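The values are calculated or read from the model by the stated rules, or taken from the named source; none is laboratory data. Worth saying up front: this structure is predicted, and the values here are computed from it rather than measured. Neighbour counts run over all protein chains shown; Cβ positions are idealised from the backbone, glycine included.
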Amino acid sequence: MIAGRLARWLTLAAAMSLVLSGTAVADGINVGEASGLRNLVPAESLEKSATQQYGQLKQQAAAKGVLAPANHPQLIRLRAIAAKIVPFSQRFNSRARQWQWEVNLIDSRQINAFCMPGGKIAFYTGILDALKLTDDEVAVVMGHEIAHALREHARERMAKSQLTQLGASVLGELIGGGRYTGAFQWGGNLLSLKFSRDDESEADIVGLDLAARAGFDPRAGVTLWQKMTAANKGAPPAWLSTHPAGAERIREIEKRLPEVLPLYRSAK
């Protein structure tokens with residue numbers, strides 16, 4: 001009996017030692033369930049529309065000669081980073097295992113990147129070249145954009161928009177009859193959609209979690225935003241125009257680092 005107690009005590013002491021030394025593996029970021037409002041917009045329809053719009057974007061870019069070929073060094077780099085991050089996406093959305101993930105690079109001076117519903121990722125050369133992003137910083141950007149898709153912010157935003165536009169009577173008809181077709185006009189909304197500050201903040205922290213699990217240093221979120229702030233002279237960049245930039249954003253990232261650094265250390 002004494003031996004059993006001693007063994008349990010030693011196990012507990014070892015666990016406490018790991019925690020105190022900062023090497024214990026944490027659960028990472030917990031953001032809870034996504035908004036139920038998103039269920040007013042069918043996921044399959046949105047993902048199908050996203051795939052179509054993404055295909056059109058690629059066709060237009062190819063016609064203009066600005067779609068990077070498969071052997072482009074920066075595209076190879078982006079796809080390698082995505083290959084490390086994507087396996088962890090199911091933690092935040094079980095549907096991600098069904099997505100046909102895709103990464104492309106567009107030659108443009110825009111400081112921009114996005115991930116559409118269904119895992120359709122695009123980076124613009126401007127964000128890589130102008131900011132001279134390290135792999136860790138690219139992973140933070142990519143994790144942020146993937147987080148928008150995983151947390152289905154587009155579905156939620158469109159549902160809120162339709163609630164405002166359609167009114168209670170039309171919404172009741174939609175819910176009662178299940179007649180979504182024609183009610184939700186996607187158009188080009190997915191490419192120009194602006195997320196709320198709450199969505200951007202959530203994407204920030206989920207993105208840090210994804211990057212850390214994939215073996216990228218989440219502290220790159222701080223250096224990324226230092227570069228962003230300098231490049232935009234303190235103004236929010238176009239790709240995150242609704243989110244506060246600069247010191248406020250960096251403070252929030254630094255506050256969440258203790259939750260994700262153990263993941264990074266474990267991955268390394």
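On the basis of being hydroxyl-bearing (Ser, Thr, Tyr), modelled with pLDDT under 50 and part of a helix (DSSP H, G or I), does Thr11 make the cut?
yes
What is the residue count in the range 81-120 for residues that are in contact with a helix residue (DSSP H, G or I) (Cβ under 7 Å, 6 or more places away or on another chain), farther than 27 Å from Gly36 by Cα, not in a strand (DSSP E or B) and not hydrophobic (A, V, I, L, M, F, W, C)?
Selection size over the range 81-120: 5.
Conditions tested, residue by residue: (1) closer than 23 Å to Ala214 by Cα; (2) surrounded by fewer than 20 Cβ atoms within 10 Å (Cβ to Cβ); (3) without any contact (Cβ under 8 Å) to a residue 60 or more places away in the chain.
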residue: Ala82; (1), (2), (3): yes, no, no
residue: Ala139; (1), (2), (3): yes, no, no
residue: Met142; (1), (2), (3): yes, no, no
residue: His148; (1), (2), (3): yes, no, yes
residue: Ala154; (1), (2), (3): no, no, no
residue: Arg157; (1), (2), (3): no, no, yes
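Do any helices (runs of 4 or more DSSP H) entirely within the range 165-268 hold 1 or more residues that are crowded, with 16+ Cβ neighbours inside 10 Å and modelled with pLDDT of 80 or more, and if so, which?
197-213, 220-231, 247-267
Being within 17 Å of Arg95 (Cα to Cα), within 20 Å of the chain's Cα centre (by Cα) and among the hydroxyl-bearing types (Ser, Thr, Tyr) is the filter here, so list the residues in the range 36-73 that pass it.
Across the range 36-73, the qualifying residues are Ser49, Thr51.
Among the residues of the range 50-60, which ones are closer than 18 Å to Gly119 by Cβ and either in contact with a Leu (Cβ under 8 Å, 6 or more places away or on another chain) or without any contact (Cβ under 8 Å) to a residue 60 or more places away in the chain (or both)?
Of everything in the range 50-60, those that are closer than 18 Å to Gly119 by Cβ and either in contact with a Leu (Cβ under 8 Å, 6 or more places away or on another chain) or without any contact (Cβ under 8 Å) to a residue 60 or more places away in the chain (or both) turn out to be Ala50, Gln52, Gln53, Gly55, Gln56, Leu57, Lys58.
So the check is Cβ under 6 Å with 6+ separation or different chains; which pairs have a first residue in the range 88-103 that's farther than 17 Å from Met142 by Cβ and a second one that's not hydroxyl-bearing (Ser, Thr, Tyr)?
Arg97/Gln90
Any idea which residue in the range 121-157 is modelled with the lowest pLDDT, counting only those that are under 16 Å from the mean Cα position of the chain (by Cα) and in a loop (DSSP other than H, G, I, E, B)?
Glu152
Mind listing whichever residues of the range 32-69 are modelled with pLDDT of 85 or more and not in a helix (DSSP H, G or I)?
Across the range 32-69, the qualifying residues are Lys64, Gly65, Val66, Leu67, Ala68, Pro69.
Taking the conditions exactly as written (closer than 15 Å to Arg151 by Cα and in a loop (DSSP other than H, G, I, E, B)), does Ile29 satisfy them or not?
Answer is yes for this residue.
Please go through the range 70-80 and pick out each residue that is out of contact with any strand residue (DSSP E or B) (no Cβ under 9 Å at 6 or more places or on another chain) and part of a loop (DSSP other than H, G, I, E, B).
Ala70, Asn71 - these are the residues of the range 70-80 that are out of contact with any strand residue (DSSP E or B) (no Cβ under 9 Å at 6 or more places or on another chain) and part of a loop (DSSP other than H, G, I, E, B).
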